[in-house]
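K.L.:
One structure, pasted below without further comment.
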Amino acid sequence: MNLKITCIPGDGIGPEIVTEAKKVLDKVCKVYSHNISYKDILMGGCSIDAYGVPLTDEAIADAKAADAVLMGSIGGNTSTSPWYKLEPSLRPEAGLLKLRKSLNLFANLRPAYLYPELKDACPLKEATSDKGFDMLIMRELTGGLYFGDRSTVLDNGEMVATDTLVYRESEIRRIAVRAFDVARKRRKSVISVDKANVLDSSRLWRKVVEEVAKDYPDVTLEHMLVDNCAMQLVKDPAQFDVVLTENMFGDILSDEASMITGSIGMLSSASLNDTSFGLYEPSHGSAPDIAGKNIANPIATVLSAAMMLRYSFNLDKEADSIESAVRQVLKEGYRTVDILPKGQESNFKLVSCSEMGDLLADRISA
Ligand code: IPM
Ligand code: MG
């Protein structure tokens, strides 16, 4: 098969982790006889530095022309980087939001799974981490607060800032259908998260999700308020199978879910539209404080590349080979610094970002 990939290395640790994901993908393609080609484009701070905007129309066209996009991370330190003195529509994050919208990537899948080998890195009580968890956050990605009208104006001598949270029935329905479809292939449970005790958009969310649920009598549906969900994630994460939620709640809850897997460096993600095209990126940010030090954890990006093989190319065996390489390397005791359990350092083998990539590529086999 020919795999035409557009890569967005981005800012901070982005280029380092994308290099390792490519290393692993190259090995997969060698072992399984596929042809893979990459074209790198700029997005985020690096694009601002080069072109004055976080994403050019040419870069969008290059992303559209590929079968899939593999991304690292974008953005800098929000209090010290000069990029954050620019007006909001010219900041690094605006590039990512524009790309998601232009490609209609409305479904963001963020799996959070506790590897038994990483139980010691999980910050939860032992009784909770012993039970393990395996959930998939289905986050709506092109609507809600991040895309509503916003303004900051002077009113009666003081500044007033407004953001609007808008959801159309059709936007809720299509993401709910995705959640129920994927739940059917998992443990057949959907927990829909909203704030229906306060927000109109959440009340509509609940109504539409209930309508969709009628077509899936084999899947159970429960509703949970977002504040309760934040608490339940640290109290009893094993109760979650598919978590269906809107854009901002999903942004926040997925960071929380990633942290309980041991490190934010473990969580992959896929952003999908109605076709087989997808954008694949780790859920974490660009970690400017550790950029260029070769200590970042590339596993979330490598696992995102596995999701790419599975969702955009239907290459399940190849995706499995990456996921088992990750398990194998963890089992053998290799750890990047973020997943090295404190106080037990001598029981593990500390490796750099590039060494982790080498180890993973070495363990890819048919
Ligand atoms: C994420 C990030 C982005 C988001 C930012 C960089 C715009 O936090 O992918 O979770 O909020 O969606
Ligand atoms: Mg986020």
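The values are calculated or read from the model by the stated rules, or taken from the named source; none is laboratory data. These numbers were taken from a predicted model, which means no experiment stands behind them. Cβ placement follows ideal geometry from the backbone for every residue including glycine, while neighbour counts extend to all protein chains displayed. Side chains are part of the model used for accessible areas, which takes the heavy atoms of the whole protein and leaves out ligands, DNA and RNA. Shrake-Rupley method; radii C 1.70, N 1.55, O 1.52, S 1.80 Å.
K.L.:
Return the residue satisfying two criteria in turn: it lies in the range 93-108 and is under 12 Å from ARG139 (Cβ atoms) and in contact with a helix residue (DSSP H, G or I) (Cβ under 7 Å, 6 or more places away or on another chain), and of such residues it is nearest to ligand 1 (Cβ to nearest atom).
P.N.:
Applying the first criterion (under 12 Å from ARG139 (Cβ atoms)) to the range 93-108 yields 100, 105-108.
Narrowing further to those that are in contact with a helix residue (DSSP H, G or I) (Cβ under 7 Å, 6 or more places away or on another chain): 106-108.
Details: PHE106: 13, ALA107: 13, ASN108: 8 Å.
Looking at residues that are under 12 Å from ARG139 (Cβ atoms) and in contact with a helix residue (DSSP H, G or I) (Cβ under 7 Å, 6 or more places away or on another chain), I get ASN108.
K.L.:
OK, next. Can you tell me which residue is farthest from ligand 1 (Cβ to nearest atom) among those in the range 53-75 that are touching a strand residue (DSSP E or B) at 6+ places or on another chain (Cβ under 6 Å) and assigned to a loop (DSSP other than H, G, I, E, B)? First the steps, then the outcome.
P.N.:
Taking the range 53-75 and keeping what is touching a strand residue (DSSP E or B) at 6+ places or on another chain (Cβ under 6 Å), we get 62-63, 66-74.
Still in the list and also assigned to a loop (DSSP other than H, G, I, E, B): 66-67, 74.
Details: ALA66: 20, ASP67: 21, ILE74: 6 Å.
By that ranking, first place goes to ASP67.
K.L.:
Among the listed residues LEU70, LEU97, LEU109, LEU114, which satisfies the condition of being buried (at least 20 other Cβ atoms within 10 Å of the Cβ), in contact (Cβ under 8 Å) with a residue 12 or more places away in the chain and within 15 Å of ligand 2 (Cβ to nearest atom)?
P.N.:
Being buried (at least 20 other Cβ atoms within 10 Å of the Cβ), in contact (Cβ under 8 Å) with a residue 12 or more places away in the chain and within 15 Å of ligand 2 (Cβ to nearest atom) holds for just one of LEU70, LEU97, LEU109, LEU114, which is LEU109.
K.L.:
Right, here's the next one. What's the number of the only condition in (1) open to solvent by 20 Å² or more (accessible area, probe 1.4 Å); (2) modelled with pLDDT of 95 or more; (3) acidic (Asp, Glu) that GLU87 fails to meet?
P.N.:
(2)
K.L.:
In this structure, does ASP57 turn out to be surrounded by 23 or more Cβ atoms within 10 Å (Cβ to Cβ), acidic (Asp, Glu) and in the same structural domain as LYS331 (by TED's automatic domain parsing)?
P.N.:
When the stated conditions are applied, ASP57 does not pass them.
K.L.:
Step by step: first the residues of the range 8-46, then only those that are farther than 15 Å from ALA305 by Cβ and aliphatic (A, V, I, L, M), then the one that is most open to solvent (accessible area, probe 1.4 Å). Which residue is that?
P.N.:
So the residue we want is LEU42.
K.L.:
Quick one: GLY52 ticks every box in (1) under 26 Å from LYS317 (Cβ atoms); (2) modelled with pLDDT of 95 or more except a single one, so which number is it?
P.N.:
(1)
One line per residue, one yes/no per condition, for (1) free of Cβ contacts under 8 Å to residues at least 60 places away in the same chain; (2) not polar (S, T, N, Q):
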residue: ASP11; (1), (2): no, yes
residue: GLU20; (1), (2): no, yes
residue: VAL24; (1), (2): no, yes
residue: ILE36; (1), (2): yes, yes
residue: GLY44; (1), (2): no, yes
residue: TYR51; (1), (2): yes, yes
residue: THR56; (1), (2): yes, no
residue: ALA59; (1), (2): yes, yes
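K.L.:
Would you check if there is a residue in the range 76-83 being free of Cβ contacts under 8 Å to residues at least 40 places away in the same chain, within 15 Å of ligand 1 (Cβ to nearest atom) and open to solvent by 10 Å² or more (accessible area, probe 1.4 Å)?
P.N.:
Taking every residue of the range 76-83 in turn, at least one turns out to be free of Cβ contacts under 8 Å to residues at least 40 places away in the same chain, within 15 Å of ligand 1 (Cβ to nearest atom) and open to solvent by 10 Å² or more (accessible area, probe 1.4 Å).
K.L.:
Still on this structure, I have one more. Being in contact with a helix residue (DSSP H, G or I) (Cβ under 8 Å, 6 or more places away or on another chain) and free of Cβ contacts under 8 Å to residues at least 24 places away in the same chain is the filter here; which residues of the range 274-319 pass it?
P.N.:
Correct list: ARG310, ASP316, ALA319.
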